[in-house]
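My structure is below; once you've seen it, I'll send some questions.
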Amino acid sequence: MTDDSARVLRRIRFLVRKERVLFTQHANKEMYEDDFSSEDVLQALLGGELIENYPDHKRGPCSLINGLAVDSRPLHVVCGTGYPELVIITVYEPKPPKWISPIERRR
C-alpha cells in the first residue's frame, strides 16, 4: 500500500468513527437490493482494505474498499473522499462475472 493509499484509508476510518458518513440514494437502493445494512457498510469500511483509489476521478476523489458485512459476506463500498463527510456512492457484493474474487477484477 502506498503512503497516499494508507492516508486515504486512515481518513475514511476517521470519518466513519466520527459518524460523518452520508449515503447517496443510489447506495441506499443497492444496499436494499443486496440486503446490506448501514452497519454492514460501516463494518466493511472500518475493517476493510483499499483496493482501488481514484484521486483524479472526474466527479471527485473516490475509493473502492473491500470488506466484510456483519454476516461475513464480501462487500465493496465506493466512497467519495474529497468532502468533509464520507459519501457512500455505491455498495455491492463482488461476484462473477465482473469479479473473480473480492479483490480480483475480471479483465
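Bear in mind that the values in this text are calculations on the coordinates, not laboratory data. None of the values given here were measured: they were computed from a predicted structure. Quick reminder, even Gly has a Cβ in these numbers, built from the backbone with ideal geometry, and neighbours come from all protein chains shown.
What aspartates and glutamates does K18 reach when the alpha-carbon gap must be under 17 Å and sequence neighbours fewer than 8 apart in one chain are set aside?
Hits, sequence-local ones excluded: E39, D40, E85.
Follow-up. Under a cut-off of 21 Å between alpha-carbon atoms, report the lysines in cross-link reach of K95, not counting same-chain residues fewer than 8 places apart.
Qualifying lysines at Cα under 21 Å: K29.
Search the structure for amide H atoms under 5 Å from the amide H of I89, placed 1.01 Å from N in the peptide plane, and list their residues when 5 or more places away or on another chain.
V78, C79, G80
Continuing with the same structure: Residue by residue through segment 32-41, what is 3J(HN,Hα) from phi via Karplus (6.51 cos²θ - 1.76 cosθ + 1.60, θ = phi - 60°)? Round to whole Hz and write x for glycine and proline.
4, 5, 9, 6, 10, 9, 4, 4, 4, 5
Scan around E52 for amide H atoms under 5 Å from its own, H built in the peptide plane at 1.01 Å from N, and keep only partners 5 or more places away or cross-chain.
Residues meeting the criterion, in which the H sits 1.01 Å from N, are L64.
When the dipole is taken about the Cα centre of the chain, and only Lys, Arg (+1) and Asp, Glu (-1) are charged at their Cβ, what size is it in debye, to the nearest 20?
The dipole of the chain has a size of about 340 debye.
While we're on this one: Tell me, what ³J(HN,Hα) does each residue in segment 45-61 have, in order and in whole Hz, if you take phi through Karplus 6.51 cos²θ - 1.76 cosθ + 1.60 with θ = phi - 60° and put x for Gly and Pro?
Listing the rounded values in order: 5, 6, x, x, 10, 7, 9, 8, 10, 10, x, 10, 4, 4, 9, x, x Hz.
Which of these values of semi-axes √(5λ) of the Cα gyration tensor in Å was calculated from the structure shown: (1) 22, 14, 13; (2) 19, 17, 13; (3) 58, 33, 11?
Computed from the coordinates, semi-axes √(5λ) of the Cα gyration tensor in Å corresponds to (2).
I've got another one for you. Scan around K95 for amide H atoms under 5 Å from its own, H built in the peptide plane at 1.01 Å from N, and keep only partners 5 or more places away or cross-chain.
It is none; the list stays empty.
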